[in-house]
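The values are calculated or read from the model by the stated rules, or taken from the named source; none is laboratory data. Small disclaimer: the values here were computed from a predicted structure and weren't measured. Quick reminder, even Gly has a Cβ in these numbers, built from the backbone with ideal geometry, and neighbours come from all protein chains shown.
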Amino acid sequence: MFTVALSRSSVPTCSTSVGTVAVVGLGYVGLPTALALLGAGRPVIGLDVSSARLDAIRSRDVDLLPSDRERLAAAVDDPRFVLTDDPSLLADAAVVIVCVPTPVDAHLVPDLGPLAAACATVVAHAVPGQVLMLTSTTYVGCTRDLVLRPLLTRGFTPGEDIHVAFSPERIDPGNAHHAQDTTPRVVGGVTPRCTDLAAEALLLTAPSVHRVSSPETAEMSKLYENTFRAVNIALANEFADNCRGLGLDPLEVIEAAATKPYGFMPFYPGPGVGGHCIPCDPHYLLWQLRRLRIASPLIDTAMTAIAGRPRQVVQRVRELLGDRGRALTGARVLLVGVSYKPGVADLRESPALEILEELHDLGASIAYHDPLVPTARLHGATVHTVADPAAEEWDIVVVHTVQPGSDLAWLAEQPAVLDATYRLPGVPAKAVL
């Protein structure tokens, strides 16, 4: 059952009831979360199993929004901000927040290894009175399986001497318009008391907290959020293909439809979907449903379409080269932008990597240009960005991601340009997917 959302104005602040907070996993979610908590005046223990990641944070060599980069510059010298790989320090925290990745493997099967290991560590070092909160997107029931049941085995009584909840992360990397302090949070505890205490901690960095009746409801809400996006992106891609077949501009169609003030939300086509959420999260739901023999054909079809989108890019490259009497084998192909979205250096699940590798396998001579990504790993080898793509000759340029501030005027001189973003103006030889 849903209840009325809490806000800072309607709930007593937790300035006296929330002490030290431990953040387990200092990646794209954990590090901004830790910095926000420190900014809210709480001592923070940042735990990560990777010494390289800890060193990168200490040296400020991490991918963050400018505002978080300023916070980090101040935090690394703050004695209240402890960076460690020692899990025994978790016993010093009043609240422990788990923010580890939940990827899928090459077969699109959930990889629960990092989350299971993190939860086992948290449970092993749990002490009476703590609030233990998962934020990593996962399957429905994971909080009970990986945290609650092991705590029961240790003799804890949730809601009395330990408190367990799930609150899905809501961080949009590289997007300053969706900051933590302006984004509501959802939380569901094992008991009402668990929900109350978790909500108090969340209100340190969120404008409001929407309480739900269980961790399972909160887990499913996150899966719904990102599955909604996946299905609509798959639809936008399909509509773009339809528009090309009918000789129409898909963005003009989308912008026209978006003038309707109700019943429509614009989604945009592209070369595929990358990052930590959309290519992965719906597969946690599909994996669980398959085990229960529950069909979900719409979601299944959408995720299959999303997975196949990079191959469509490769096929379109082949078509455009063929139109100019050029074979793909031996063709010089440059891909502009390899991160999964503008404004970040994140290559996780980026369609660009699959596109480049498949072009290479088909005999093309590949290269990339991305001012935010100096090197990338392709087929196990390190490839460096082309610093000045305008100084070289290319048979075709594929525009995958346009990084902020990029000057792409040189594309006007290229013999063929595949605009997989659908947004490039004034390029004479431009084609779209």
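Being at negative phi and either surrounded by fewer than 17 Cβ atoms within 10 Å (Cβ to Cβ) or not assigned by TED's automatic domain parsing to the domain that holds Val24 (or both) is true of Arg170.
Arg326 falls short on exactly one of the conditions (1) within 22 Å of Pro173 (Cβ to Cβ); (2) of a type outside the set (Ser, Thr, Tyr); (3) at pLDDT 95 or above, and that condition is (1). Looking at segment 315-322, is at least one residue small (Gly, Ala, Ser), under 28 Å from Val373 (Cα atoms) and either outside any loop (DSSP other than H, G, I, E, B) or at pLDDT 95 or above (or both)? No - not one qualifying residue is present in segment 315-322.
The requirement of being part of a loop (DSSP other than H, G, I, E, B), of a type outside the set (Ser, Thr, Tyr), surrounded by 13 or more Cβ atoms within 10 Å (Cβ to Cβ) and more than 24 Å from the chain's Cα centre (by Cα) is satisfied by Leu248. Among the candidates Ala230, Ala257, Ala240, Ala236, the residue that is exposed (fewer than 15 other Cβ atoms within 10 Å of the Cβ), at pLDDT 95 or above and of a type in the set (A, V, I, L, M) is uniquely Ala257.
Residue-wise test of (1) out of contact with any His (no Cβ under 6 Å at 6 or more places or on another chain); (2) at pLDDT 95 or above; (3) of a type in the set (Lys, Arg); (4) more than 14 Å from Val100 (Cα to Cα).
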{"site": "Ser9", "(1), (2), (3), (4)": "yes, no, no, yes"}
{"site": "Val18", "(1), (2), (3), (4)": "yes, no, no, yes"}
{"site": "Gly30", "(1), (2), (3), (4)": "yes, yes, no, no"}
{"site": "Ala34", "(1), (2), (3), (4)": "yes, yes, no, no"}
{"site": "Leu54", "(1), (2), (3), (4)": "yes, yes, no, yes"}
{"site": "Val76", "(1), (2), (3), (4)": "yes, no, no, yes"}
{"site": "Pro87", "(1), (2), (3), (4)": "no, yes, no, yes"}
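Give me the pairs: first residue in segment 333-356 and at negative phi, second residue charged (D, E, K, R) and not in a loop (DSSP other than H, G, I, E, B), beta-carbon distance under 9 Å, and six or more apart or on different chains, which are they? Listed pairs, sorted by first residue: Leu347/Arg377; Pro351/Arg309; Leu353/Arg377; Glu354/Arg311; Ile355/Arg311.
The set of residues from segment 167-207 being modelled with pLDDT of 95 or more, assigned to a loop (DSSP other than H, G, I, E, B) and touching a Pro at 6+ places or on another chain (Cβ under 7 Å) comprises Pro184, Val190, Thr191, Ala206, Pro207.
Against the condition modelled with pLDDT of 95 or more, touching a Lys or Arg at 6+ places or on another chain (Cβ under 8 Å), assigned to a loop (DSSP other than H, G, I, E, B) and in the same structural domain as Glu169 (by TED's automatic domain parsing), how does Leu38 come out, does it pass? No.
Could you grab me the full set of residues in segment 406-433 that are assigned to a loop (DSSP other than H, G, I, E, B) and touching a residue at least 24 places away in the same chain (Cβ under 8 Å)? Of everything in segment 406-433, those that are assigned to a loop (DSSP other than H, G, I, E, B) and touching a residue at least 24 places away in the same chain (Cβ under 8 Å) turn out to be Ser406, Leu408, Pro415, Ala416, Ala420, Thr421, Tyr422, Arg423, Leu424, Leu433.
Close contacts from segment 74-89, counting a first residue that is buried (at least 16 other Cβ atoms within 10 Å of the Cβ) and a second that is aromatic (Phe, Trp, Tyr), with Cβ to Cβ under 6 Å and a gap of 6+ residues or different chains, come to Ala75/Phe81. In the set (1) more than 20 Å from the chain's Cα centre (by Cα); (2) within 20 Å of Pro173 (Cβ to Cβ); (3) buried (at least 22 other Cβ atoms within 10 Å of the Cβ), Ala364 fails one condition alone, (2).
Pairs, please: C-beta under 8 Å, at least 6 apart or cross-chain, first residue over 20 Å from Leu146 (Cβ atoms) and in segment 191-219, second part of a helix (DSSP H, G or I) and among the polar types (S, T, N, Q)? Within 8 Å, the pairs are Thr205/Thr33; Thr205/Gln180; Ala206/Gln180; Pro207/Thr182; Arg211/Thr195.
Just one residue in the set Pro266, Pro342 is part of a loop (DSSP other than H, G, I, E, B), within 21 Å of His400 (Cβ to Cβ) and either assigned by TED's automatic domain parsing to the domain that holds Tyr422 or among the charged types (D, E, K, R) (or both); that residue is Pro342. Evaluation of Leu289 against the conditions (1) more than 22 Å from the chain's Cα centre (by Cα); (2) not in a helix (DSSP H, G or I) shows that the sole unmet condition is (2).
I'm trying to understand the selection: among the residues of segment 121-154, which are β-branched (Val, Ile, Thr) and surrounded by 15 or more Cβ atoms within 10 Å (Cβ to Cβ)?
Step one: of segment 121-154, the residues β-branched (Val, Ile, Thr) are 121-123, 127, 131, 135, 137-138, 140, 143, 147, 153.
If the condition is that a residue be β-branched (Val, Ile, Thr) and surrounded by 15 or more Cβ atoms within 10 Å (Cβ to Cβ), then Thr121, Val122, Val123, Val131, Thr135, Thr137, Thr138, Val140, Thr143, Val147 are the ones that fit.
A Cβ distance below 6 Å, combined with a sequence gap of six or more or placement on separate chains, defines the contacts here; from segment 280-308, residues that are in contact (Cβ under 8 Å) with a residue 40 or more places away in the chain and surrounded by 18 or more Cβ atoms within 10 Å (Cβ to Cβ) reach residues that are outside any helix (DSSP H, G or I) and polar (S, T, N, Q) in the pairs Asp281/Thr137; Tyr284/Thr138.
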